[in-house]
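Please read the structure below before turning to the comments.
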Amino acid sequence: HGGRFDDHMGNEIDEQPAVAARVLDAFAGGIADGSLWRSLGLAGFDRIHRVVVLGCGTSLHAGIAIGRVFSDLGHLPVTALVASEASSFVPEPHTLVIAISQSGETADILRALDALSFPDRTLLALTNNPYSSLAREADAVIDCLAGVEIGVAATKTFVAQVMTGVAVALSGLCGSARVDRVDARAALEALTETPLRLDAALRGWSDSIPLLTEEFADASGFLFLGRGSGVVYAAEGALKLKELTYRWAEHQPAGELKHGPLALVENGTPVLAVDVGDRRLDINIAEVLARGGRVVRIAGVGPDPVGDLRPAPPWGPLEAVVPLQLFARSLAIRLDRNVDKPRNLAKSVTVD
Ligand code: M6R
């Protein structure tokens, strides 16, 4: 496999810092002067009134993270659309649709494009295959440069999609009069640090993942929590866990716990919480601990958050995906699952 691990997934997780660095090499130079955005031939940023991010599974999660850049920094309304449910979308002029698909061949995505063909719509395809069916349909295409991903579970393509989409969004923002330069510059700086943070997360979590795997090997269900920009990483962690281990997992915005899901927590229930520095999460974690739940806090680049808490950028703590991927893979291997080819699933989903 040309990597340290016997499975593709392990190597693809390992490659993520290099993939993030490749995306920066290719696109970061076009952010501050807005040239990346212009090179895509997109309408001027100030002519966009709404952004729709469209995708399935992990690619939808990448879209949600990217969408937060347009809403938080660009103050644009953003809609995240599950591709298989796109027919309920009410068209609006001056909408930028960003369709995110690793393969570019996902049937749900291609079908959604019919529902989303209305006047004054711009379609940007963000894909790992610039020759795909999706790319052919789009007004503009950006290649997320992840390289071939063989594992059915999306890992390095998620990182590549978030990095690429954020680069495009920031480039648009930098060319706009509406945007606060200081915020955009801080965001660009945070994006530039990502390869280092991914690398630190890989190293920082490597010792504790085997311990967590043993601790939770017999758990039948898992809860993933987050707040704000952390919610989508909780969602991604739950998806990886289900897909790879065949154990039940659900994610919740942490504030929703008390509205129902807290009833699931009993002695020993594993709860993984993505911490983006919103202190209300501590209250939610205390509720879980009071019921005997076992909490893993995912903050910063290692299991010990002390000294590494900083506010997450608008797209959230991308490096938080590393321990979530590592944990899902490790537990799957412990349970004797095939981590590259989970049961019932395909890499490219070309059916409805
Ligand atoms: O090729 P796509 O990005 O359109 O695929 C979308 C989903 O099928 C995909 O992300 C799926 O959720 C992954 N297997 C999750 O790891």
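Pairing residues of region 55-66 that are under 14 Å from Val231 (Cβ atoms) with residues that are more than 8 Å from the ligand (Cβ to nearest atom) and part of a loop (DSSP other than H, G, I, E, B), at Cβ distances under 6 Å and at least 6 apart in sequence or on separate chains, gives Ala65/Trp315; Ala65/Gly316. Cβ-Cβ distances below 8 Å connect no pair with a first residue in region 148-165 that is under 18 Å from Arg197 (Cβ atoms) and free of Cβ contacts under 8 Å to residues at least 40 places away in the same chain, a second residue that is surrounded by fewer than 24 Cβ atoms within 10 Å (Cβ to Cβ) and small (Gly, Ala, Ser), and a separation of six or more residues or different chains. Of everything in region 21-32 that's part of a helix (DSSP H, G or I) and either open to solvent by 60 Å² or more (accessible area, probe 1.4 Å) or more than 16 Å from Leu170 (Cα to Cα) (or both), which residue is nearest to the ligand (Cβ to nearest atom)? Checking each candidate, the answer is Arg22. Give region 311-352 a look and list any residue that's in contact (Cβ under 8 Å) with a residue 60 or more places away in the chain and charged (D, E, K, R), or say none. Across region 311-352, the qualifying residues are Glu319, Arg329, Arg334, Arg337, Asp340, Lys341, Arg343, Lys347, Asp352. The one condition from (1) part of a loop (DSSP other than H, G, I, E, B); (2) open to solvent by less than 10 Å² (accessible area, probe 1.4 Å); (3) more than 16 Å from the ligand (Cβ to nearest atom); (4) not β-branched (Val, Ile, Thr) that Ala153 does not meet is (3).
Counting only helices (runs of 4 or more DSSP H) that sit completely within region 225-336, those holding 2 or more residues that are over 17 Å from Leu202 (Cα atoms) and open to solvent by less than 50 Å² (accessible area, probe 1.4 Å) correspond to 231-245, 280-290.
Of all the residues in region 33-86, those that are within 16 Å of the ligand (Cβ to nearest atom), in a helix (DSSP H, G or I), touching a helix residue (DSSP H, G or I) at 6+ places or on another chain (Cβ under 6 Å) and under 24 Å from Val23 (Cα atoms) number 6.
The values are calculated or read from the model by the stated rules, or taken from the named source; none is laboratory data. Quick caveat: nothing in here was measured; it's all calculated off a predicted structure. Neighbour counts run over all protein chains shown; Cβ positions are idealised from the backbone, glycine included. Just so you know, the surface numbers come from the protein's heavy atoms only, side chains and all, with ligands and any DNA or RNA stripped out. Shrake-Rupley method; radii C 1.70, N 1.55, O 1.52, S 1.80 Å.
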